[in-house]
1. Going through A:Asn108, A:Asn184, A:Asn174 one at a time, which residue ends up being polar (S, T, N, Q), over 22 Å from A:Ala62 (Cβ atoms) and in contact with a helix residue (DSSP H, G or I) (Cβ under 9 Å, 6 or more places away or on another chain)?
2. Return a yes/no flag: does region A:124-135 have any residue that is within 14 Å of another protein chain (Cβ to nearest Cβ), on the phi > 0 side of the Ramachandran plot, over 23 Å from the mean Cα position of the chain (by Cα) and surrounded by fewer than 16 Cβ atoms within 10 Å (Cβ to Cβ).
3. What's the total number of residues in region B:141-163 that are hydrophobic (A, V, I, L, M, F, W, C) and not in a helix (DSSP H, G or I)?
4. Could you check region A:89-113 and list, in sequence order, the residues that are in a helix (DSSP H, G or I), surrounded by fewer than 16 Cβ atoms within 10 Å (Cβ to Cβ), away from chain B (no Cβ under 11 Å) and hydrophobic (A, V, I, L, M, F, W, C)?
5. Could you please give the count of residues in region B:226-251 that are more than 18 Å from B:Val362 (Cβ to Cβ) and more than 14 Å from chain A (Cβ to nearest Cβ)?
6. In the list A:Tyr158, A:Tyr211, A:Tyr191, which residue meets the criterion of being closer than 30 Å to B:Thr38 by Cα and of a type in the set (Ser, Thr, Tyr)?
Amino acid sequence: MLDFIQLLLSGTATGAIYALAALGFTLLWQASGTINFAQGEFVMLPAFMMLAFNAMGLPLLAGFALTCVIAVLVLGWGFKRGIADPLLRFGMMPIVVATLGLSIAIRNGVRAGFSAEAHPFPSLFGDKLIHVAGVTLTAADIGTLAAAVLLVLGTQAYLSRTVTGRAMQAVAQNTESATVLGINVPRMVFYTFAINALLACAAALLVTPTYLAKFDMGEGLATKAFFAAIIGGFNNSRGALLGGVIVGVSENLAAAYVSPAYKDAVALVIFMLVILFKPQGLMGQRVERKV
Amino acid sequence: MTVNRRTLIACAALLLATAGTQAQQTVKIASLQELSGTGATVGTNFKNGMDLAIREINAAGGILGKKIEVTHSDTQSNPGVAKGLAQKAVDEDVLAVFGPGFSGSMIVSMNETRRAQIPNFTGAEAAAITAQGNPYVYRTSFGQATSMPKIARYMANNLKAKTVAVIYVNNDFGKGGRDMVTKSLGELGVKVVADISTDPGKLDFAAPVLQAKQSNADVIFVYTNEEEAARALREIRKQGIAKPIVGETVLTSQKVIELAGEAANGAVAHVGLSVDAPVPAMRAFRAKFERDYKYIPDHNCIKGYTGVYVMKAALEKAGKIDRAALAKAMKGLTVNVAKEPGVLMDVSYDDKGDLDRASFLVEVKNGKQEVKEVLPPLGKKGA
């Protein structure tokens with residue numbers, strides 16, 4: 001039983017990180033209809049930025065703050081202006097292909113600059129071990145989980161409680177009516193991209209100590225986050241959290257009780273079941289196609 | 001005199017031909033390394049070691065007066081790519097091939113070099129590589145058939161283990177090691193009570209480590225590549241397992257210590273090559289390497305470095321730059337440090353391409369490798 005709880009908790013911590021990346025997926029989709037297949041690289045790039053700032057002697061949190069600013073400029077504004085805006089009017093496919101290309105470019109760019117080797121990354125919460133009723137946790141596990149839950153709920157609250165957040169939702173639901181209501185649509189869409197970039201930075205800060213900073217670290221993360229987003233519901237932000245945790249936990253349990261070889265298949269099986277029986281996702285609302 | 005097109009072509013052909021002969025003035029070798037993918041650490045370090053040796057040899061006048069010319073290419077840790085690159089090296093008519101370092105890649109690519117009768121040096125350690133009777137492969141480190149019995153003996157005799165949990169990576173390298181260590185432990189009456197396979201590039205070791213813990217084995221034996229080894233060590237520390245953690249070479253390597261941090265302390269491994277070895281030539285090598293590359297070399301760097309020097313010694317023994325002569329000279333070759341300091345430690349080769357030399361038992365203490373014991377070469381003990 002204790003072992004089960006151990007696996008459950010460590011799976012939840014991993015799942016919380018998937019959730020952060022998944023949240024970015026759902027946000028961009030809702031606000032602008034963009035599916036960003038470079039999401040994993042959007043997490044990897046800030047990790048290396050922080051590493052670079054760290055090497056220059058900046059403390060981790062200062063490096064994180066600077067990275068956030070750069071990420072909003074480059075991964076938020078730059079990505080929107082450079083790729084999303086010009087391509088979106090041609091439909092989904094061009095943007096999917098463009099982000100796939102972008103992910104390959106970023107990956108190999110980082111590889112050229114930082115070598116293909118894994119680099120250690122300092123942990124924000126330290127490696128301290130905590131024993132609770134026979135279960136061992138690291139401070140990093142708890143901190144990651146807490147930070148991720150706070151970020152997801154915070155984003156959720158921002159979207160539903162603030163004027164700007166509601167305006168963003170209005171844009172997501174119906175762009176034309178939002179324009180009529182006097183909402184600055186392009187600005188709201190930019191905010192979404194900025195939030196996505198910030199979430200990516202936060203995910204990088206939380207995930208890299210375990211994943212290790214490596215040029216291809218985003219690959220697996222993006223796939224898992226994409227599954228998590230679909231499972232939870234692509235048009236619901238809380239769904240991302242649920243989906244992430246489901247993927248993280250079921251992976252861990254499958255590895256322990258079935259076979260490590262089937263670990264990655266589990267997420268895929270759940271993904272297919274959801275697509276077959278509840279295509280809008282566990283928490284998503286059914287959307288009729290607009291005419 | 002009219003110059004027609006045909007003469008021009010003839011001239012060009014002649015030029016090319018002379019260029020070709022000029023290329024023969026150098027010792028051309030191809031190096032196929034894991035420069036990206038899961039084996040990036042292995043390949044990058046092997047390459048850096050080779051480059052250092054080649055720079056030294058060329059600066060000192062080359063081999064038999066000829067400079068070494070090397071082309072490195074990236075197998076992407078992918079056997080398919082490695083095979084293609086080996087084929088390319090054959091087409092380029094090189095004198096020798098170095099690598100790949102991943103056993104899975106080596107097992108497919110060495111068929112290409114064998115067919116073309118090109119000597120192939122490798123850092124790959126799977127037992128199968130020299131067991132196929134390929135006369136053109138030479139190791140730059142112990143094969144698993146040599147190293148696993150040594151570490152099994154340590155677990156059985158020094159640690160008095162009765163049961164062992166084996167965590168290994170599910171590729172040719174990992175499976176070969178697991179088969180070999182299970183066999184060696186079995187011969188010593190030690191039982192493997194948990195046989196845990198993990199994927200290459202695995203991120204979360206919670207489940208495999210838990211399995212090892214539940215098996216309640218006396219010793220946990222970890223046999224994976226660098227990144228996974230670091231993650232496994234962290235998870236073992238996290239789950240608070242106080243059992244001895246034993247490995248072979250990788251587990252206590254520099255990169256693992258760097259990535260695992262504190263969690264690496266206490267891990268013990270049998271290491272064929274270590275820059276912390278109490279050997280003066282090794283110390284000197286470490287200093288030179290750190291000067292050029294600004295980091296502490298690992299066993300892969302030593303493999304690459306000594307591999308090039310072994311080739312040099314063999315060519316000098318043969319007295320000519322020739323593939324067949326090199327292959328012949330490698331059979332039963334013994335190189336002493338006194339004569340060729342570049343090999344760092346006395347080394348001798350058998351007919352299959354396996355090598356024998358002293359090795360070390362290393363423990364990680366305070367983030368540093370510490371040599372606990374020097375194990376003599378197998379041949380010297382008369383074993």
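The values are calculated or read from the model by the stated rules, or taken from the named source; none is laboratory data. Because the structure is predicted, anything quoted here is derived from the model rather than measured. Cβ sites come from the backbone with ideal geometry, for glycine too, and all protein chains shown count toward neighbours.
1. A:Asn184
2. Taking every residue of region A:124-135 in turn, at least one turns out to be within 14 Å of another protein chain (Cβ to nearest Cβ), on the phi > 0 side of the Ramachandran plot, over 23 Å from the mean Cα position of the chain (by Cα) and surrounded by fewer than 16 Cβ atoms within 10 Å (Cβ to Cβ).
3. Going residue by residue through region B:141-163, those that are hydrophobic (A, V, I, L, M, F, W, C) are B:142, B:145, B:148, B:151-152, B:155-156, B:159, B:161.
Cutting the leftovers down to not in a helix (DSSP H, G or I) gives us B:142, B:159, B:161.
The number of residues fulfilling the criteria is 3.
4. Applying the first criterion (in a helix (DSSP H, G or I)) to region A:89-113 yields A:92-113.
Cutting the leftovers down to surrounded by fewer than 16 Cβ atoms within 10 Å (Cβ to Cβ) gives us A:92-94, A:96-97, A:100-101, A:104-105, A:108-109, A:112-113.
Keeping just the survivors that are away from chain B (no Cβ under 11 Å) gives A:92-94, A:96-97, A:100-101, A:104-105, A:109, A:113.
Residues satisfying the conditions are A:Met92, A:Met93, A:Val96, A:Val97, A:Leu100, A:Ile104, A:Ala105.
5. The qualifying residues number 1.
6. Values: A:Tyr158 fails: closer than 30 Å to B:Thr38 by Cα; A:Tyr191 fails: closer than 30 Å to B:Thr38 by Cα.
Selected residue: A:Tyr211, the only one of A:Tyr158, A:Tyr211, A:Tyr191 that is closer than 30 Å to B:Thr38 by Cα and of a type in the set (Ser, Thr, Tyr).
One line per residue, one yes/no per condition, for (1) crowded, with 24+ Cβ neighbours inside 10 Å; (2) among the acidic types (Asp, Glu); (3) assigned by TED's automatic domain parsing to the domain that holds B:Glu248:
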| position | (1), (2), (3) |
| --- | --- |
| B:Asn157 | no, no, yes |
| B:Lys160 | no, no, yes |
| B:Val164 | yes, no, yes |
| B:Phe173 | yes, no, yes |
| B:Asp179 | no, yes, yes |
| B:Glu187 | no, yes, yes |
| B:Ala194 | no, no, yes |
| B:Asp199 | no, yes, yes |
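One line per residue, one yes/no per condition, for (1) closer than 17 Å to B:Ala338 by Cα; (2) assigned by TED's automatic domain parsing to the domain that holds B:Leu333; (3) in contact (Cβ under 8 Å) with a residue 60 or more places away in the chain:
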{"position": "B:Gly266", "(1), (2), (3)": "no, no, yes"}
{"position": "B:Glu290", "(1), (2), (3)": "no, yes, no"}
{"position": "B:Lys294", "(1), (2), (3)": "no, yes, no"}
{"position": "B:Lys312", "(1), (2), (3)": "yes, yes, yes"}
